[in-house]
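Participant: Please see the structure below; I have some questions.
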Amino acid sequence: MTKPRTEAEHLARMIPPSVAATGVGRRSFLRGAGMVGAGLAVPGLLAACGSDDASSDSTATSDSGAEAGGQEISFGLNEGDGSGPAYDRRAVAVEAYEAATGNTIALNAVDHNTFQEQFNNYVQSNPDDVFTWFAGYRMQQFARDGLFADLSDIFPSDQMSEGFKAASTGDDGKQYFIPEQNYPWAVYYRKSLWDENGWTPPETLDELKALGAEMQSAGIVPMAFSDKDGWPAMGTFDILNMRINGYDFHMALMAHDEAWDSDQVKAVFAEWAELLPLMQPDPLGRTWQEAATAFQQQETGMYYFGQFAITDTPAIFDEVDDYALFPFPEIDAAIGKGAIDAPIDGYCMAANPTNEAGALDFLAWLGSADNGTAQADGGFPQLWANADADTSQLTEVQLAGSELISSAESIAQFLDRDTDSGFASTVVIPSLQNFLQNPADVDSILSDMEAQAKTIFG
């Protein structure tokens, strides 16, 4: 590859194919490149994903209409156009809101990984009025820094559970997040395969290990597993930690009130090392979609993962009625299996939005039952946060997921949402990958994690 001749050319090469495929307009990209020259590299790239060209793929329908606040409402979305249902259902929501209100949404759609990686700089410079984000610590840390707007006046308390409200609340007791939907992490399996072999969901880890041995005897890898993406292994750590040490310890560890090199954490990795022979080998060379495909093709018997994989990847999971779930089994009877990961997705508003009135109106609608019903009617039923949203179109596995969430004793958001985002990306991801390659080196891995945690958390 030749050396880029200009800064704009260099930036163009940085845009992932998934973003480039959405049709970045030349004028908007160059506008973003100019921002980089002014020291705003990351927000410039995010802005480049919209377009003022006539051929733009933006879902903004027109420049006419009675926009709230007198101008269009900008909306930053962490899914690229063409990425699948996660994008498509938000497009349905935008269209429904525009039709209901006459207001105009300017959609700035960015592929998920790019949005995540660039968010810190994006939100500190020139963010969109409204943007997708996550509940819990990932929201609280930015609200604490004054980067998110107070949404208490529009928070739909009467339609949201106390759990959703708590996850949307900052350190000061105000709400900075509007929940839309969530999904559980659980062990998924194909009913047809299990019925054929007479397998039943295990209640304890010992039963899981025995089941895994049966699957291996049948020529099936027991558990689909991947970590090329960096984050999937966090889910395995979360559930083992909550099963072995309990939810309270897990959350204390996320806040670094407990040490990463403690005996309790070492016990988690010791159990994980015993489970590795039941998991797909070489996980660092496999994406979660590739693991999901192996599971769908019955090359593996189980898949511990988030339910979004089944609901948002129809190209893989095209026989959704054949899937069922069970909570990860019990390890310690005194702790049980009442804790789960069930991340909440939703929306925040910039601290100083260009169109505050419009942003508040749009956010109030996104948190309403009308949003959930519109998406469900558009073919995208989800586990909605708003209790009044339509659930009649939920699939059997989604209903099972809803029951799992409602029966859970404790709900975590997911490791990289419950702890400092920098610590998760720069310390946890490489450390877990190091463990998967060198499980015998856990003591040195955890000592290094603890040293870095002391630096980051103080």
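Every number in this text was worked out from the coordinates using simple rules, so none of it is lab data. Computed from a prediction, not measured in an experiment: that's the story for all the values here. Backbone-built Cβ (ideal geometry, glycine too); neighbour counts: all protein chains shown.
Participant: Taking the Kirkwood radius as the inverse of the mean 1/r across Cα pairs, report the Rg/Rh of the range 311-458.
Facilitator: On the way: Rg = 20.2 Å, Rh = 19.2 Å.
Rounded to two decimals, Rg/Rh equals 1.05.
Participant: Most exposed first by the Cβ proxy, i.e. fewest other Cβ within 10 Å, how do F148, F380, F177 rank?
Facilitator: F380, F148, F177
Participant: Run the numbers on the range 101-198 and let me know its relative contact order in percent, using alpha-carbon pairs under 8 Å that are six or more apart.
Facilitator: Taking the mean separation of contacting Cα pairs over the length of the range 101-198, I get 24 percent.
Participant: Please report the Cα spread of the range 227-335 along all three principal axes, rounded to whole Å, starting with the longest.
Facilitator: On the principal axes, the range 227-335 reaches 43, 28, 25 Å in Cα extent.
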